[in-house]
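Before any comments, here is the structure.
The values are calculated or read from the model by the stated rules, or taken from the named source; none is laboratory data. Predicted model only: the values in this text are computed from it and were never measured. Please note: Cβ atoms are built from the backbone with ideal geometry, for glycine as well, and neighbour counts cover all protein chains shown. All accessible areas refer to the heavy atoms of the entire protein, side chains included, with ligands and DNA or RNA removed. Shrake-Rupley method; radii C 1.70, N 1.55, O 1.52, S 1.80 Å.
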Amino acid sequence: MYLTRDEEGVLAGEEGESSRKAMELVVALGKIYGAEDLIDITSAHLSGASYKTIGDGGLKYLEDVVKGGARVSVPSTLNPIGMDRDRWKEMHISPAFAEKQLKIIELYKKIGVAATCSCTPYLGDNVPSMGDHVAWAESSALSFVNSYIGARTNREGGPGALASAIIGKTANYGLHIMENRKPSVIVDADIDGSVFSYSMLGQAVGMAIGGGIPYFRNIAPTVDDAKTMSAAMAASGSVAMYHVEDVTPEAGNYDISGLEVIHIGEKELKEAYDKLNTADDVQLIALGCPHLSRKEMKDIAAFLKGKKKKNKDIEIWFCTSSKVREECAEEVKIMEEFGPVLADTCMVVAPIEGVFKRTGTNSAKAGNYLPTLCSQEVACMDISKLMEVVI
Ligand code: F3S
């Protein structure tokens, strides 16, 4: 693998131990995946922010990174943490968990990471441009920026994205290379166009193809539709990029003649729905996977306005970024009549197991992860249907 003189210097420890280790990891990944060289990145987005997912081992790793004097060298943001920083008691979080979680945030801040803690950084202050090379580690977000924006990233793991953030480079392979971004299958989609139908479409496509780069026909996703579909396909399969005819910026770049065509319609959507729905009733309804956008906050507030919460036993959580929560004060007021609007956390990375057993969500991604990461039975349906039991 070719390294420039400067890169060789970093690898030899000329810029300190933390940079040396980061370079070592990025080069090792590059060798595994057959990269010819490294490429500069314009931003990073890091996973591994919740104490629930990284535990004491991850905390210790971060302490070592800080002790080694590391700093990120490109704008870097962080994924959701295991609790709302201020309202963790409302989430039934223990003081011991909260203490460690806050420590993790402080460690990331010390190395220069913006502790905005959202899985939709592209709706906030970390918005790549078309053609930018980035190192992003949140599967839903990286698929969104690859597909909808035309930035370029592989599906980075937490340590790899952190190492790239420190050296400002990533290994040049996979989706950083134009040729590897070509579609692998055409998806002829037949959905009703609701946000929830995009979530089920993503689920069904992930179940049907596993990986690869689907090229969609007959859909016109908005940002919110693409957000939920990206998340669903990355969770039910390992799709890190897709094209949508006449919508996404690179869709017209490739010759798609001769590609296999699959149809996703009523039957496949029902199979996707049935796979995700395992609970008959719920104790928690959690919305905002990926984090609620401003528009979704407005839509939910408009839906709830004038209604009353009748079933007080069922908790409702709305998950978004602190930026969106701040900007939507009017909507928050209406929503808080039903449950807390929580910032910078989510139902999956929070330790809800032990508190709840059955959770409702409108997100296929959450529907995939709640059973495995949170031991939940799941009701996965659109918001108005979910809310029927409480309003
Ligand atoms: Fe975001 Fe949590 Fe879903 S990180 S994509 S809200 S599982």
Taking every alpha carbon pair in the stretch 277-389 and sorting the distances into 5 angstrom bins from 0 up to the bin holding the longest one, the percent per bin comes out as 2, 13, 25, 25, 20, 11, 3, 0
Surrounding charge for TYR33, neighbours by C-beta under 13 angstrom, Lys/Arg +1, Asp/Glu -1, total -1
Which residues qualify? For SER76, with a placed amide H closer than 5 Å and at least 5 residues away or on another chain, they are ALA44, ALA114
Applied in sequence order to the stretch 69-81, the curve 6.51 cos²θ - 1.76 cosθ + 1.60 (Karplus, θ = phi - 60°) yields integer Hz couplings, x standing for Gly and Pro, of x, 5, 9, 6, 10, 9, x, 9, 10, 10, 6, x, 9
Taking only C-alpha positions in the chain, Rg and Dmax in angstrom work out to 20.8, 67
Whole-Å distance linking the alpha carbon centroid of the stretch 199-214 with that of the stretch 246-276 is 7 Å
Taking 292-303, 232-243, 119-130, 89-100 and ranking on average Cβ neighbours within 10 Å, highest first, one gets 232-243, 119-130, 292-303, 89-100
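So what is the calculated 222 nm ellipticity per residue for the chain, using -39500 (n - 2.57) for each DSSP H run with n of 4 or more, over all residues, to the nearest 500 deg cm²/dmol?
About -12000 deg cm²/dmol.
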About its Cα centre, the stretch 56-177 carries a charge dipole, from +1 on Lys and Arg Cβ atoms and -1 on Asp and Glu Cβ atoms, whose size in debye to the nearest 20 is 220 debye
In units of 2.2 N^0.38 Å, the Cα radius of gyration of the stretch 346-385 is 1.04
The extension gain from LYS307 to ARG71, computed as 0.36 nm times the residue separation minus the Cα-Cα distance, is 80.1 nm
Pairs over 23 Å Cα to Cα, from LYS182/LYS323; LYS309/LYS385; LYS52/LYS310, come to LYS182/LYS323; LYS52/LYS310
Between the modelled labels at ASP280 and LEU59 (7 Å from Cα along Cα→Cβ) the distance in nm is 4.1 nm
For ASP281 the rounded accessible area (nearest 10 Å², probe 1.4 Å, non-protein molecules ignored) is 80 Å²
The answer for the stretch 142-295, accessible area per residue at 1.4 Å probe in Å², is 35 Å²
Treating only Lys and Arg (+1) and Asp and Glu (-1) as charged, each at its beta carbon, one finds that the chain has a dipole about its Cα centre, in Debye to the nearest 20, of 980 debye
Quick shape check on the stretch 182-272: root eigenvalues a ≥ b ≥ c of the Cα gyration tensor, a/c under 1.5 is rounded, otherwise prolate if a/b tops b/c, else oblate, and it reads rounded
Simple spin-label estimate for GLU260/LYS110, 7 Å along Cα→Cβ, in nm, reads 5.0 nm
Quarter of the surface of the C-alpha convex hull for the stretch 33-167, i.e. direction-averaged projected area in nm², equals 8.5 nm²
Share of accessible surface on carbon and sulfur in the chain, whole %, 1.4 Å probe and ligands ignored, is 51 percent
In this structure, the FRET efficiency calculated for TYR33 and SER375 from their beta-carbon separation, with R0 = 35 Å, to the nearest 0.05, is 0.55
Extension length gain for GLU327 and LYS357 (0.36 nm per residue less Cα distance), in nm, is 7.5 nm
